[in-house]
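Laboratory data are not the source of any read-out in this text; all were calculated from the coordinates shown. On a predicted model such as this, the values are computed, not experimentally measured, just so you know. Neighbour counts are summed over all protein chains in view; Cβ atoms, including those assigned to glycine, are modelled from backbone coordinates with ideal geometry.
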Amino acid sequence: MTVSQMPKVELHLHHEGAAPPGFIRGLAAEKKVDLSGIFDESGGYKYKDFWDFLKVYEAATSVLHTPEDFARLTTAVLEESAASGVIYSETFLSPDFCGNRDVGAWREYLAAIREAADAAEAEHGIVLRGIVTCIRHFGPDKARETAKCAAETVGDWIVGFGIAGDEKAGKLKDFEWSFDCAREAGLRLTAHAGEWGGPESVRDALDDLRVERIGHGARAIEDLTLVDRLVKDGIVLEVCPGSNVVLGVYPDWHSHPIHRLRERGVKVTVSTDDPPFFHTTMVNEYNRLADAFEWDEGVFDEIARTSLEAAFCDAQTKAKLLKRLEPS
Ligand code: HPA
Ligand code: ZN
């Protein structure tokens, strides 16, 4: 089996960020919205840097209006993931984009997304779960409303709570209430940190929000005392190397610290973040990592197992998926 054929577990995927550009163009045409400015000549998403990416992301997301739109998005996203061999995926969902943080509306979006995910599971065997995600640059007040939506829909499908968006906006401490609310409701926690913020942002996520996983976390490598803490506490990093290289956090794949983090004993996992925006897929991530660091099937097998262990789904779902990681 080549690494591209191996079964994969993805923990860090933004639902709207996984929308194929053709899908968003089609919806824009149906709704007669002019989105031509966000695409390049070859039809891909066009942006200058991370902050411009966030604007283009929100513009693309603006054509997703109804629960039905999100159901169609889910079908399109899961088809792509399944084609890369992903058997389990956790996706970031934001009530900000699904009913403007109104709990009743959020429930309707969620029902539509789940129905589409169930159909995709029946067709492709891919299992999806949701992580409700507040958006840092929308501020702590909106995050509180988002956390309440999350707490109202906690269960076997909404399994976690997180924070995405502009890592330089505000302080993580400002979101403590939302994370406490989500934790008390029974949700597992993750936060974007250590991508645009340095090691101190990772420490803030651990100390102020008490998360068990870090979205990205690559820049923890700049502080080896922090790296030792990640190892000791078993903190899992949702590393997205292709995203980091395309956005210029690191100049190339060889410079990416995922290999050094792993060698020091950190639990690293591999995800795509916003695959079409970063011209990547899980197969591409695996192939590039194999080339850059001479990672073989044994390494990827360990990464898939680490990912499944760190997944926020229930034990029964994990046990079923674990069987699919065993060689047949
Ligand atoms: N990083 C941070 N925030 C985001 C992203 C991302 O890749 N995608 C959508 N919101
Ligand atoms: Zn992300």
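A few comments on the model shown:
- Here residue 58 meets the list (1) in contact with a Phe, Trp or Tyr (Cβ under 8 Å, 6 or more places away or on another chain); (2) without any contact (Cβ under 8 Å) to a residue 12 or more places away in the chain; (3) charged (D, E, K, R); (4) within 16 Å of ligand 2 (Cβ to nearest atom) almost entirely, failing just condition (1).
- The residues of the range 132-152 that are under 19 Å from residue 104 (Cα atoms) and either crowded, with 21+ Cβ neighbours inside 10 Å or free of Cβ contacts under 8 Å to residues at least 12 places away in the same chain (or both), listed by number, are 132, 133, 134, 141, 143, 146, 147, 149, 150.
- Residue 88 more than 16 Å from ligand 1 (Cβ to nearest atom) and touching a residue at least 40 places away in the same chain (Cβ under 8 Å): yes
- Yes/no for residue 202 being of a type in the set (A, V, I, L, M, F, W, C), surrounded by 24 or more Cβ atoms within 10 Å (Cβ to Cβ), under 27 Å from residue 286 (Cα atoms) and away from ligand 2 (no atom under 12 Å from the Cβ): yes
- Qualifying helices (runs of 4 or more DSSP H) (wholly inside the range 166-255; at least 3 residues being within 14 Å of ligand 1 (Cβ to nearest atom) and out of contact with any Ser or Thr (no Cβ under 6 Å at 6 or more places or on another chain)): 241-246
- Residue selected from the range 245-269 under the condition in contact with a helix residue (DSSP H, G or I) (Cβ under 7 Å, 6 or more places away or on another chain) and touching a residue at least 60 places away in the same chain (Cβ under 8 Å), by the criterion nearest to residue 11 (Cα to Cα): 269
- The residues listed here are 129, 101; of these, the one that is assigned to a loop (DSSP other than H, G, I, E, B), crowded, with 21+ Cβ neighbours inside 10 Å and charged (D, E, K, R) is 101.
- When the range 3-35 is filtered for residues that are among the hydrophobic types (A, V, I, L, M, F, W, C), more than 16 Å from ligand 1 (Cβ to nearest atom) and touching a residue at least 12 places away in the same chain (Cβ under 8 Å), the ones remaining, listed by number, are 3, 6, 9, 23, 27, 28, 33, 35.
- For residue 108, the conditions (1) among the charged types (D, E, K, R); (2) closer than 22 Å to residue 134 by Cβ; (3) within 18 Å of the chain's Cα centre (by Cα) all hold with the exception of (3).
- In the range 1-44, of all residues being part of a helix (DSSP H, G or I) and within 16 Å of ligand 2 (Cβ to nearest atom), the one that is surrounded by the most Cβ atoms within 10 Å (Cβ to Cβ) corresponds to 18.
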